[in-house]
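Accompanying notes for the structure given below.
The values are calculated or read from the model by the stated rules, or taken from the named source; none is laboratory data. Because the structure is a prediction, the values reported are computed rather than measured. Cβ: placed from backbone, ideal geometry, glycine included. Neighbour counts: every protein chain shown.
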């Protein structure tokens, strides 16, 4: 496992260094970049699944890569595209301390139009599995969260994130 992680780390460093193989002083081919990305995503999926197993969460895994565990079921209708929802949230890293990055306690309730507003792609999907009053843990892989570069403040590049959300309303 250490060997695989060190290879992924080496390949990630190459990708982040302007897609140049510095050791051999050459640009990486499209095929090499695709393989690096596949390896990174497989490793990230393993780390996310391992995190869920350690916490004994019976997560559901969507085709896009979102993992979610509804630990308190709400009632009523479910949001759909163009509905405006309000959520309470906490955003954490999947590090050893599950470091808190953001929360609605500090920044206020998040209000957004499903599939239409600027918010992490994975959250648009995740809220559609909840009804009013539902509370859930949602884990987003980096490509559905803050992507390749993170957010330049509290979330590092290529980081999966853990959301704890409560769906407050649907309009």
task: Mind telling me which of the residues 95, 117 ends up being under 14 Å from residue 159 (Cα atoms) and in a loop (DSSP other than H, G, I, E, B)?
output: 95
- request: State whether the residues of segment 143-163 include one that is under 15 Å from residue 86 (Cβ atoms) and touching a helix residue (DSSP H, G or I) at 6+ places or on another chain (Cβ under 7 Å).
  value: yes
query: What do you reckon, is residue 139 in contact with a helix residue (DSSP H, G or I) (Cβ under 9 Å, 6 or more places away or on another chain), assigned to a helix (DSSP H, G or I) and either modelled with pLDDT of 95 or more or in the same structural domain as residue 79 (by TED's automatic domain parsing) (or both)?
result: no
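Take the residues in segment 52-76 that are in contact with a strand residue (DSSP E or B) (Cβ under 7 Å, 6 or more places away or on another chain) and not in a strand (DSSP E or B); name whichever of them is nearest to residue 125 (Cα to Cα). Steps first, please.
Let us first name the residues in segment 52-76 that are in contact with a strand residue (DSSP E or B) (Cβ under 7 Å, 6 or more places away or on another chain), namely 52, 57-61, 66-72, 74-76.
Of the ones still in play, those that are also not in a strand (DSSP E or B) are 52, 57-59, 66, 74, 76.
Working: 52: 19, 57: 19, 58: 18, 59: 15, 66: 8, 74: 17, 76: 18 Å.
Looking at residues that are in contact with a strand residue (DSSP E or B) (Cβ under 7 Å, 6 or more places away or on another chain) and not in a strand (DSSP E or B), I get 66.
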- request: Using the structure shown, decide if residue 125 is touching a helix residue (DSSP H, G or I) at 6+ places or on another chain (Cβ under 9 Å), closer than 29 Å to residue 40 by Cβ and in a loop (DSSP other than H, G, I, E, B).
  value: no
query: Name the pairs whose Cβ atoms lie under 6 Å apart, with the first residue in segment 107-118 and under 14 Å from residue 166 (Cβ atoms), the second surrounded by 16 or more Cβ atoms within 10 Å (Cβ to Cβ) and at pLDDT 95 or above, and 6 or more positions between them or separate chains?
result: 109/86; 110/87; 110/89; 111/86
message: Going residue by residue through segment 144-153, is there one that turns out to be under 23 Å from residue 47 (Cα atoms), within 10 Å of the chain's Cα centre (by Cα) and part of a helix (DSSP H, G or I)?
response: yes
message: Return the pair list, or none, for Cβ contacts closer than 7 Å from residues in segment 63-79 that are in the same structural domain as residue 123 (by TED's automatic domain parsing) and free of Cβ contacts under 8 Å to residues at least 40 places away in the same chain to residues that are assigned to a strand (DSSP E or B) and surrounded by fewer than 20 Cβ atoms within 10 Å (Cβ to Cβ), at least 6 apart or on different chains.
response: none
